[in-house]
Amino acid sequence: MISLTDSQKIGIGLTGFGVFFLFFGMILFFDKALLAIGNILFVVGLAFVIGLERTFRFFFQKHKLKASSFFLGGICVVLIGWPILGVLLEFYGFFLLFRGFFPVVVGFIRRIPVLGYLLNLPFISGVSE
């Protein structure tokens, strides 16, 4: 079992609450207050989980500057008060930041019994590869 420090446990909780608030804010027709709280909790939780220095190194690598600017710019746009545009910018930045990680996630999900069966269906397997 993986041992976590107390700050990493706090970070996992903050990230989880951040994802919850983002999801809940989108369900409630892009409520800007919930989206802003979710964004702040997500980024702070990420910093707690992987550390402040590694968070800065992750977001400000030279080849990830475009993705980071879209993601962090989307957060700023949500905080300013334009939630739909901000969320769209965040999604695009998130996709660019983590596009190298998506095949790993899909490979892991393929090993889960029910979800793996669904991902191996002919019309879905072409999209998920």
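In the range 49-125, counting only helices (runs of 4 or more DSSP H) that sit wholly within it, the ones holding 1 or more residues that are under 27 Å from Thr5 (Cβ atoms) span 52-59, 65-80, 83-98, 102-110.
Under the condition of being over 22 Å from Phe60 (Cα atoms) and charged (D, E, K, R), which residue from the range 72-129 is modelled with the lowest pLDDT?
So the residue we want is Glu129.
Residue count for the range 1-35 satisfying the condition of being without any contact (Cβ under 8 Å) to a residue 40 or more places away in the chain, open to solvent by 60 Å² or more (accessible area, probe 1.4 Å) and in a helix (DSSP H, G or I): 10. Selection of the range 77-105 for residues being open to solvent by 30 Å² or more (accessible area, probe 1.4 Å) and touching an Asp or Glu at 6+ places or on another chain (Cβ under 9 Å) yields only Pro103.
The values are calculated or read from the model by the stated rules, or taken from the named source; none is laboratory data. Computed from a predicted model, the values in this text were never measured in an experiment. Heads up, the Cβs are rebuilt from the backbone with ideal geometry, glycines too, and the neighbour counts pull from every protein chain shown. Side chains are part of the model used for accessible areas, which takes the heavy atoms of the whole protein and leaves out ligands, DNA and RNA. Shrake-Rupley method; radii C 1.70, N 1.55, O 1.52, S 1.80 Å.
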